[in-house]
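The values are calculated or read from the model by the stated rules, or taken from the named source; none is laboratory data. These numbers come from a predicted model, not from an experiment. Glycine gets a Cβ as well: all are built from the backbone with ideal geometry, and neighbour counts include every protein chain shown.
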Amino acid sequence: MSDQALSPAPRSAETSHPPLPETHFIRPPKKRGRRLFNSLQPWLFISPFIIIFCLFTLFPLTFSVYLSFQEWNPVTGLSGMNYVGVQNYVEAYDDPWLWKSLYNTFWLAIVSGVPQHLIAVPVAYLLVYAVRSSLRHVLTATMFIPFITSTVAVALIFYSIYSANTGILNQMLLGASKLPLIGALFAWVPDVMPIKWLTKSDLIKPAIAAVVIWKYTGFNIVIYSAGFVTVPQDVYDAAKVDGCNRLQQFWHVALPMIRPFIFFAMTLTIIGNLQLFEEPFILTSGDTGGVGQAGLTTSYYLYLVGWEWLEMGAAAAISWILFLIIAIATSIHFYFNGRKGMEGNR
Amino acid sequence: MSSLDLLGISKSFGATEVLKNIDIHVSEGEFIALVGPSGCGKSTLLRLISGLDEPTSGDVVLGQHVVNDLTPRERNVAMVFQSYALYPHMNVAENIGFNLRISGVPKAEINQRVADTAAILDLTELLTRKPSQLSGGQRQRVAMGRALVRNPSLFLFDEPLSNLDAKLRVQMREEIKRLHAKVRTTSIYVTHDQIEAMTLADRIVILNEGIIQQVGTPKELYTKPANPFVAGFIGSPSMNLLEGKLTQSGDTIQIELDGGVTLPCPQTAPQSASGRVIIGMRPEHLHLGEAAAGAINITGRLDHVEPTGAQNHLKVKFGKNTITATDNTLQDLASNAEVTLSLPTDKLHIFAN
């Protein structure tokens, strides 16, 4: 192509604008101080956040990275820090308790995480489509109560429920074994009494999982209810005309349409469950994770290493390992579910 | 394809009676439009026919069968919704074939029928797209395809064009008309747009406050409206409706309009019309110009002109009344000028008030 072809066409007299009339607008003189104030104004508004973020998030974060390469007992003061390189990470890799805590964490994450959603999704669907709105609000609020109740209070109540000799759970199982119709199903109960829910290594994890399910299912019900409410009635009507029964409407229409909500709730569950601390800590009496460390989660172990054994460097290293694991688990979730989950119905 | 009979259908929501004793017969292959203002019960009636709602009393008869207790699926009706109600997570092909999938039709047959339907509606290139990637007109066609693929016994349209712009609406209207001429499935079409109803339907049912006002062909409704509501509803611009009373002066009967103007009453005035009346004059029947012999002549002052391009709408004041007349000659008229409008006597509508 020639240069001429590339150059813009000359403006014809018809296309060029007539000269604008002279105007005499009055402009106030620019003040330098005001300009400086204007440019600083946005920073002044967001400075409270920046200061708090730097003080309580950025500094601890970077300090914990630094700390993970040190050997440090906080009792000795800052001067007691010794640089040890990657020794804390190497020791963590060789630490059987850490591996055990990771196993427990993943076990609890799956066993307490999956049922939350399997229960919450259909319950939310029924609440939205089968219950009058006034009653639905009451029921949803009731189901949400465990989530806003202090974990310490919840764990203490369950501690008494699980009590081997006086706990209501064992009493109920015994009672059930004496019932005429379903008694046969519980015939094994008297032989194994008293069931030591919190002091038998193979029962600790299920006991903790039950508390986690009870506490967080209500939260997921609220999320899924919000999701189901967003599905337009017209789409259900179209599904009915297309021949769907109630179950098919749920499976083919409602469930795919709340995909973004499922993705969000699952992300929260993965992150939350991999950081499980309070429930196992209180149910195992803040000991070393219960009998045979069966209830020892990684966050719990992190606490023991840092605050019981005062090995802050090792604790920092473990915290970064846990962070990495959570990041990987979340990335896998995003990889497999992210596209459809975040795409939503756009 | 089957006929439809609505026998004494009533529907109440709590104390509010939305439909009152509706009786309609729709023949096989007929295209019926349900027209009326917002809230008149036309969409409710469509939902009762589809099976999405149950009537409080009365029967819905499809073919020879009372279908009150049947689900929408069992009635084999297809419905096109105002919002299209496409499944956002499915692509066009899945949306169209969903009903067949639910009904357990083999996959090969679904693919074939979806392809055939897509070809009819010019959707073949769009089959893999999601609804969010389609324009309003394309979504509307997908909604039509979803209904069409099933070979239903009855088509139900719930204001399917109301979300489209004016140009697309005209285009889709033609497409619906063409489709109906091709498949000849009995169709019920709900709209509040009388132009849509007039252009598409074999017969129109006009509803107001849950009561049928008139059933007839578009021409019947236009030429012989049963009451002032129908007269005002059909036709654009709306018919001029003026209140007055019939008075006798010697042998001649006159119409004395509220405001003091008197018009001659034509011989065609119905026997039943006496005392207080409402007279109707269609704007397109009011001719601008000199007073014509044997016609009703009205002289007034031009209030303002509304140009529409093809014609001007003249707002003319006479007495205390303002009427609209259409001027196809597009004359330049000054505001407040004196104008004379003439109306053939056989075009004057008189309703008992």
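So, in region B:1-48, of the ones that are under 19 Å from the mean Cα position of the chain (by Cα) and basic (Lys, Arg), which residue ends up nearest to residue B:68 (Cα to Cα)?
Residue satisfying both the conditions and the ranking: B:47.
Hey, can you tell me all the residues within region A:112-141 that are under 22 Å from residue A:253 (Cα atoms) and of a type in the set (S, T, N, Q)?
Those that are under 22 Å from residue A:253 (Cα atoms) and of a type in the set (S, T, N, Q): A:116, A:133.
Taking into account only those residues within region A:235-253 that are part of a loop (DSSP other than H, G, I, E, B) and facing chain B (nearest Cβ under 7 Å), which is surrounded by the most Cβ atoms within 10 Å (Cβ to Cβ)? Give the steps one after another, and end with the answer.
First pass over region A:235-253, keeping only residues part of a loop (DSSP other than H, G, I, E, B): A:242-245.
Applying the additional criterion that residues be facing chain B (nearest Cβ under 7 Å) yields A:242-244.
On the way: A:242: 27, A:243: 20, A:244: 22.
Per the criteria, the residue is A:242.
Would a scan of region B:307-317 turn up a residue that is of a type in the set (S, T, N, Q), under 30 Å from residue B:191 (Cα atoms), outside any strand (DSSP E or B) and modelled with pLDDT of 85 or more?
Yes, some residue in region B:307-317 is of a type in the set (S, T, N, Q), under 30 Å from residue B:191 (Cα atoms), outside any strand (DSSP E or B) and modelled with pLDDT of 85 or more.
Show the residue pairs meeting these rules: Cβ distance below 6 Å; 6+ apart or different chains; first residue within region B:87-116 and more than 12 Å from chain A (Cβ to nearest Cβ) and closer than 17 Å to residue B:132 by Cβ; second residue among the aliphatic types (A, V, I, L, M) and in a helix (DSSP H, G or I).
Qualifying pairs under 6 Å: B:92/B:126; B:92/B:142; B:93/B:114.
State yes or no: is residue A:280 away from chain B (no Cβ under 14 Å) and in contact (Cβ under 8 Å) with a residue 12 or more places away in the chain?
Against the criterion (away from chain B (no Cβ under 14 Å) and in contact (Cβ under 8 Å) with a residue 12 or more places away in the chain), residue A:280 qualifies.
Out of region B:58-76, which residues are in contact with a Leu (Cβ under 9 Å, 6 or more places away or on another chain), more than 7 Å from every other protein chain (Cβ to nearest Cβ) and under 17 Å from residue B:155 (Cα atoms)?
Those that are in contact with a Leu (Cβ under 9 Å, 6 or more places away or on another chain), more than 7 Å from every other protein chain (Cβ to nearest Cβ) and under 17 Å from residue B:155 (Cα atoms): B:60, B:61, B:62, B:63, B:70, B:75, B:76.
What's the number of the only condition in (1) more than 14 Å from chain B (Cβ to nearest Cβ); (2) assigned to a helix (DSSP H, G or I); (3) among the small types (Gly, Ala, Ser); (4) out of contact with any helix residue (DSSP H, G or I) (no Cβ under 7 Å at 6 or more places or on another chain) that residue A:285 fails to meet?
Going through the list (1) more than 14 Å from chain B (Cβ to nearest Cβ); (2) assigned to a helix (DSSP H, G or I); (3) among the small types (Gly, Ala, Ser); (4) out of contact with any helix residue (DSSP H, G or I) (no Cβ under 7 Å at 6 or more places or on another chain), residue A:285 breaks only (2).
Is there any pair with a first residue in region B:132-150 that is at the interface with another protein chain (Cβ under 9 Å from one of its Cβ atoms) and buried (at least 19 other Cβ atoms within 10 Å of the Cβ) and a second that is in a helix (DSSP H, G or I) and among the charged types (D, E, K, R) whose Cβ atoms are under 9 Å apart and which are 6 or more apart or on different chains, and what are they?
From region B:132-150, the pairs are B:150/B:113.
Which one of A:322, A:296, A:304 is of a type outside the set (Val, Ile, Thr) and under 16 Å from the mean Cα position of the chain (by Cα)?
Values: A:296 fails: under 16 Å from the mean Cα position of the chain (by Cα); A:304 fails: under 16 Å from the mean Cα position of the chain (by Cα).
Only one candidate qualifies: A:322.
When you scan region B:138-246 for strands (runs of 3 or more DSSP E) that lie fully inside it, which ones turn up with 1 or more residues that are more than 20 Å from residue B:47 (Cα to Cα), touching a helix residue (DSSP H, G or I) at 6+ places or on another chain (Cβ under 6 Å) and of a type outside the set (Asp, Glu)?
Output list reads B:211-216.
For region B:40-57, enumerate the residues that are within 11 Å of chain A (Cβ to nearest Cβ) and of a type in the set (D, E, K, R).
Scanning region B:40-57 gives B:47, B:53.
If you take the residues of region A:101-116 that are in contact with a helix residue (DSSP H, G or I) (Cβ under 6 Å, 6 or more places away or on another chain) and surrounded by 18 or more Cβ atoms within 10 Å (Cβ to Cβ), which of them is farthest from residue A:328 (Cα to Cα)?
Across region A:101-116, the extreme among qualifying residues is A:116.
Going through region A:288-302 one residue at a time, which ones are assigned to a helix (DSSP H, G or I) and touching a Phe, Trp or Tyr at 6+ places or on another chain (Cβ under 7 Å)?
Scanning region A:288-302 gives A:293, A:299, A:300, A:301.
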